[in-house]
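Asks: Mind looking over this structure? Questions follow.
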Amino acid sequence: MPKLVGKWKGLEQLLMKSKPSSSFVEMVTRISLSSKRFCSLRMAGSIKKEDTTAILQSLIVDNCVGFEADEEIFKKASGIELLRHEGCGLLDQFAYDTDECDPLDLLIL
């Protein structure tokens with residue numbers, strides 16, 4: 001996938017059903033190098049620590065189960081211009097506790 005999207009020079013937005021598990025950072029890096037007008041990536045999946053290096057300007061994690069922004073999250077995200085986390089919580093509507101954001105509404109600008 002990273003090699004393929006790196007060839008799309010005019011790519012502005014990308015909507016994916018799920019986040020590539022092993023090549024996310026490489027994919028975003030290739031997009032940023034080849035597509036100067038790129039502004040939006042939207043997908044479902046969990047964010048791992050190593051994925052955060054690919055987040056450039058904003059991170060929107062709306063309606064995410066297993067995520068709750070606290071002081072530590074805001075401190076770690078201080079380099080990101082926008083962090084939006086509307087409708088997120090540690091429990092889902094059925095009161096099941098989870099430690100994974102699934103589905104994650106992720107928008108990286």
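Asks: Look through 65, 61 and report the one residue that is closer than 28 Å to residue 11 by Cβ and either out of contact with any strand residue (DSSP E or B) (no Cβ under 7 Å at 6 or more places or on another chain) or not charged (D, E, K, R) (or both).
Replies: Matching residue, one of 65, 61: 61.
Asks: Considering only residues of the stretch 1-55 that are of a type in the set (A, V, I, L, M) and in contact (Cβ under 8 Å) with a residue 40 or more places away in the chain, which is surrounded by the fewest Cβ atoms within 10 Å (Cβ to Cβ)?
Replies: Taking the candidates together, the pick is 44.
Asks: While we're on this one: Only one of (1) in contact with a Ser or Thr (Cβ under 7 Å, 6 or more places away or on another chain); (2) on the phi < 0 side of the Ramachandran plot fails for residue 22. Which number is that?
Replies: Among (1) in contact with a Ser or Thr (Cβ under 7 Å, 6 or more places away or on another chain); (2) on the phi < 0 side of the Ramachandran plot, residue 22 violates only (1).
All of the numbers you see were taken from the coordinates with simple rules; none came from a lab. Everything numeric here is computed off the predicted structure, so don't read it as measured data. Using ideal geometry, Cβ is built from the backbone for each residue, glycine included, and neighbour counts are taken over all protein chains shown.
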